[in-house]
Amino acid sequence: MKRIAVGFSGGPNASQIVECVKLAEELGYESAWVAEGHGGDQFSILSGCAVTTSKIKLGTAISSVFVRSAPTIAMATATVDQLSGGRFILGLGSSHRVQVMPEHGIEFGKPMLRVRETVHVIRELLGKGSINFNGETIKIENFDLWFEPNRKRVPIYLAGLFPKMTAICGEIADGIILTRSTLKTATDIRENLAVGAAVAGRNSSDVEITSLLPTAVAETRAEAMDLMRPGLAMYIGFFPRYNKLIASHGFEQEAADIAAAFKKGDMEAANKGVTDAIVDATGVAGTPSQCRDKIEAYRDSGIELPIISPFARGPGAQKVFMNAIKACAED
C-alpha cells in the first residue's frame, strides 16, 4: 500500500480513537497521529493504541513545547515508545499564542528558540539519561530519567509553515509536519529545508515532508465541500498563523473576510467565506475515488506522507473517522 496516515484532533473519545487506529492498521495505514488540544491527553491515547496494535507507527501532531515541560515530554515519549516497541514519533511545535496564554495560563515567548531548546533537552535525556541545561527559555538542574528508554533516539518531527521555522526543521528535525498544504507547498518547503540543512551540514532529503490534510468524504463532492467549511472557518478565523497561511496560498481577501466574520461571532458568514477554491486548494474533499485521487496528487507534489485529517464533533464523530479511513485506503 502507498504511504498514508490518519490524524486526530478531537471528535472521537479516547477508546473510539483506539478503535479507529486499529482499523487503520488493518487497512495498511503507515501511522496515526494525535493532536494536543481539547480532545483528550494525546500520550495516554497513544499508549492505548500502542498496546492494542502491533505495526502502525504512532505520533503526536503536535505536542506543544509550552504546555508541557521538556522533561515531561521526554518521559512521555520514552513511555509510548516502550509500550509500542519502538513505533513512536514525537511531533513537536510551539502551538499558538491564542491558545497557550488564555487557555493554559502560560507565557508564550520566543517560540522558535523554545522549540530548538526543547529538542535538545529531549534528545539529551533519551540519549544520556540525565541533563543539566541553562538555556534562554529552558533551565533544568539535575534531571535524571529513572528508567532506560527503549530507544536512545526517537524520531522528532517539527511543525513548520513559514521560512524561519522551516529552516530550523531542516537543521535539527527528522521530519516536518505541515498542514493545509497545497500542491505547490512541498516544492517551496524543500527549498527552505535546504537552508537549515546546509547550516547543519546535512542533506535536506533526510527530512521527511508530511502534511495534515483536512479531509471530508461524502457521496457527492458538493456535500464534502460543505462538510469542510466549518472546520476551515474556525481555523482561519481563530488562529492568526493559519489565517496568514491561507492568505499566502492566494486567498488574502477571503482570509480577511473570514477573520472579520469570526470576530463578530457570525459563523454563518465565516462558513460561507470558505470558498470551494479554498477547500480544493488546501485539503481532500469528495467521493472516495476523488479523495484517493487527491491524495495521490499530494504524493506526486512531494508530500511524502499524506495524513488525512477528518473534522467531526459529537456522537457521530467515530463513524466519520472510520468512513474516511476506509474510503481513503487503496482499493
- Going by the conditions given, is Phe321 closer than 25 Å to Leu23 by Cβ, among the hydrophobic types (A, V, I, L, M, F, W, C) and modelled with pLDDT of 95 or more? yes
- Message: Quick check on segment 84-105. Is at least one of its residues touching a residue at least 12 places away in the same chain (Cβ under 8 Å) and closer than 20 Å to Met322 by Cβ?
- Response: no
- By my count, helices (runs of 4 or more DSSP H) wholly in segment 183-257 with at least 1 residues that are outside the structural domain of Glu296 (by TED's automatic domain parsing) are 221-238, 240-248
- Among the numbered criteria (1) assigned to a helix (DSSP H, G or I); (2) in contact (Cβ under 8 Å) with a residue 24 or more places away in the chain, which single criterion is violated by Ile303? (1)
- Note on the structure: Pairing a residue in segment 308-327 that is in the same structural domain as Ser31 (by TED's automatic domain parsing) with any residue that is part of a strand (DSSP E or B) and acidic (Asp, Glu), where Cβ atoms lie under 6 Å and the two sit 6 or more apart in sequence or on different chains, gives none
- Complete set of residues in segment 204-219 that are more than 17 Å from Gly283 (Cα to Cα) and touching a helix residue (DSSP H, G or I) at 6+ places or on another chain (Cβ under 6 Å): Ser204, Val207
- Task: Examine segment 207-219 for a residue that is free of Cβ contacts under 8 Å to residues at least 40 places away in the same chain and among the β-branched types (Val, Ile, Thr), and state whether such a residue exists.
- Result: yes
- Message: Could you tell me how many of the residues in segment 307-330 are closer than 21 Å to Gly37 by Cα, in contact with a strand residue (DSSP E or B) (Cβ under 8 Å, 6 or more places away or on another chain) and not hydrophobic (A, V, I, L, M, F, W, C)?
- Response: 2
- Task: Scan segment 277-293 for residues that are surrounded by fewer than 21 Cβ atoms within 10 Å (Cβ to Cβ) and over 20 Å from Leu245 (Cα atoms) and report the count.
- Result: 6
- Tell me, yes or no, whether segment 8-28 has at least one residue that is under 28 Å from Ile140 (Cα atoms) and of a type in the set (D, E, K, R). no
- Note on the structure: The condition of being more than 22 Å from Val199 (Cα to Cα) and either modelled with pLDDT of 95 or more or aromatic (Phe, Trp, Tyr) (or both) holds, among Pro149, Pro155, only for Pro149
- Top-ranked residue of segment 20-69 - restricted to ones that are among the aromatic types (Phe, Trp, Tyr) and not in a helix (DSSP H, G or I), ranked as farthest from Pro310 (Cα to Cα): Phe66
- Message: Just checking, does segment 181-197 include any residue being β-branched (Val, Ile, Thr), more than 23 Å from Asp300 (Cβ to Cβ) and crowded, with 16+ Cβ neighbours inside 10 Å?
- Response: yes
- May I ask you to verify whether Thr275 is out of contact with any Phe, Trp or Tyr (no Cβ under 9 Å at 6 or more places or on another chain), polar (S, T, N, Q) and at pLDDT 95 or above? no
- Mind telling me which of the residues Ile62, Ile73 ends up being touching a Gly at 6+ places or on another chain (Cβ under 6 Å), over 26 Å from Glu330 (Cα atoms), assigned by TED's automatic domain parsing to the domain that holds His96 and not small (Gly, Ala, Ser)? Ile62
- Consider Pro310 against the criteria (1) within 24 Å of Arg97 (Cβ to Cβ); (2) within 19 Å of the chain's Cα centre (by Cα): it satisfies all of them except one. Which criterion is unmet? (1)
- Message: Which count do you get for residues in segment 15-35 that are crowded, with 19+ Cβ neighbours inside 10 Å and touching a Gly at 6+ places or on another chain (Cβ under 9 Å)?
- Response: 8
- Which members of segment 269-306 meet the condition of being out of contact with any strand residue (DSSP E or B) (no Cβ under 8 Å at 6 or more places or on another chain) and farther than 22 Å from Thr220 by Cα? Ala269, Ala270, Asp300, Ser301
- Message: Looking at the structure I just gave you, is Thr72 more than 18 Å from the chain's Cα centre (by Cα) and assigned to a helix (DSSP H, G or I)?
- Response: yes
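The values are calculated or read from the model by the stated rules, or taken from the named source; none is laboratory data. Note that the structure is a prediction, hence the values are computed from the model and not measured. Neighbour counts are summed over all protein chains in view; Cβ atoms, including those assigned to glycine, are modelled from backbone coordinates with ideal geometry.
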